[in-house]
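Quick notes on the structure that follows.
The values are calculated or read from the model by the stated rules, or taken from the named source; none is laboratory data. If you're wondering where the values come from, they're calculated on a predicted model, not measured in any experiment. Every residue, glycine as well, gets a Cβ built from its backbone with ideal geometry; the counts of neighbours run over all protein chains shown. Surface areas here come from the heavy atoms of the whole protein model, side chains and all, with no ligands, DNA or RNA. Shrake-Rupley method; radii C 1.70, N 1.55, O 1.52, S 1.80 Å.
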Amino acid sequence: MEVILVLALAAALNGADVRFHHLHYRVRDPAAAMTAAAARLGGIRTIVPGLGVGVRTGDTYSLFDRLNEDDPSGSEAVLDHVAFAAGDFDKAVARLAQVHTVVARRDDAVMFAAGGLRLELVRETEGADLFWCPMHPDVRGPAAGKCPICAMELVPIPPPRIGEYKLDIVVQRGRPAGLSGLRLTVRDPQTNAKVTDFATIHEKTFHLFIVSRDLSYFAHVHPDPQRDGTFLLRHEVPAGEYMLLADFLPNGGSSQMVQRALISPGPRRTPAPPRVETTKSDLTATVGGVRFSLEPTGVQPGREVCLTITLTDETTGAPVSDLQPFLGAPAHMLIVRADLSDAIHGHPEEIGTAGPTVTFHPLIPADGIYKIWIQVQRGGKVITAPFLMTAGR
């Protein structure tokens with residue numbers, strides 16, 4: 001049918017400057033469909049102004065909208081229409097209108113009924129990607145907008161920078177042991193100058209994770225910006241060995257996840273991290289009256305994995321559907337390798353969900369053991385659930 005449609009279109013346009021532009025689908029879960037299409041096609045997630053969101057491969061697109069809840073087909077995905085871009089848009093529309101019925105018209109797109117399929121002509125949209133999502137850098141577009149995955153505002157793509165931003169740490173000793181706080185300074189990777197201008201990401205300019213070497217201690221905290229451009233954290237850190245994971249976005253730079261080792265003084269011996277050969281996955285946790293069940297699918301090193309977390313009431317077993325936004329997202333996730341060599345701070349694909357499920361799609365870099373912390377808010381209280389997951393051998 002699609003081949004016949006293309007041949008009929010070519011005949012109707014009689015040599016006009018037209019090329020295939022996109023397939024537009026309606027699906028049950030647009031975010032999941034985009035992630036799957038990007039992996040399958042080797043494309044990047046993008047926003048096409050005026051047309052929708054989807055995946056770009058070269059100069060063509062697969063776009064996705066949500067399927068109506070009352071769709072009678074019962075399908076998970078339906079092809080809504082096929083679209084072509086016209087260099088001389090008005091001329092192409094006039095020619096096609098002679099043989100097909102116009103069913104919808106906008107300044108930049110016209111929809112036709114063409115036999116059993118719907119056909120759309122759009123103005124040529126190709127342009128350089130100038131904006132991206134700070135949390136999902138592969139979501140890009142030629143104009144400002146919102147990320148279709150996390151709803152964050154797209155920001156201008158900065159010029160390439162060589163090297164990682166530097167993080168200076170000054171510790172504040174506790175009594176009688178441990179630390180009572182930290183002062184943090186971010187420095188430019190090229191000039192070593194103090195960086196003082198940061199974007200607000202999920203309601204904060206600086207997200208700091210503190211993880212112990214044995215993975216038993218976890219804290220997600222937010223140092224306060226100071227007038228001199230530094231960040232001050234007032235937080236007690238028990239004696240032991242830790243890794244600091246600093247997540248921030250300098251304005252004009254790219255999103256950062258900077259890791260720094262930290263020793264908190266005192267008479268405490270930090271146990272070794274878990275070993276692959278002696279550790280099994282632990283995919284359930286009960287915290288704060290909520291039972292968390294983690295179901296990983298497609299766990300392969302070097303590829304995105306789907307992590308589905310289902311929340312139920314500890315006592316009744318009823319689905320938990322009253323989650324509250326926590327720092328601008330339904331949930332937060334930190335996943336680290338057992339040796340703390342890799343770390344990912346992520347957020348659910350669902351925007352605005354209150355439960356009972358949330359899904360994440362982190363990229364698993366290599367074989368090994370991974371510690372995962374999921375944070376949600378319920379009844380004004382933040383709940384943190386820990387998991388262990390093995391990947392590969």
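Quick look at the values:
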{"item": "Residue count, segment 322-372 (criterion: outside any loop (DSSP other than H, G, I, E, B) and touching a His at 6+ places or on another chain (Cβ under 8 Å))", "result": "8"}
{"item": "Checking L323 against (1) of a type in the set (A, V, I, L, M, F, W, C); (2) crowded, with 20+ Cβ neighbours inside 10 Å; (3) under 29 Å from R213 (Cβ atoms), the condition it does not meet", "result": "(3)"}
{"item": "Positions within segment 16-45 being more than 22 Å from R123 (Cβ to Cβ) and in contact with a Ser or Thr (Cβ under 6 Å, 6 or more places away or on another chain), in sequence order", "result": "A37, L41"}
{"item": "Strands (runs of 3 or more DSSP E) wholly inside segment 195-312 that include at least 3 residues being surrounded by fewer than 19 Cβ atoms within 10 Å (Cβ to Cβ) and modelled with pLDDT under 95", "result": "256-264"}
{"item": "Filtered residue count, segment 104-124, keeping only those that are within 15 Å of Y61 (Cα to Cα) and open to solvent by 40 Å² or more (accessible area, probe 1.4 Å)", "result": "2"}
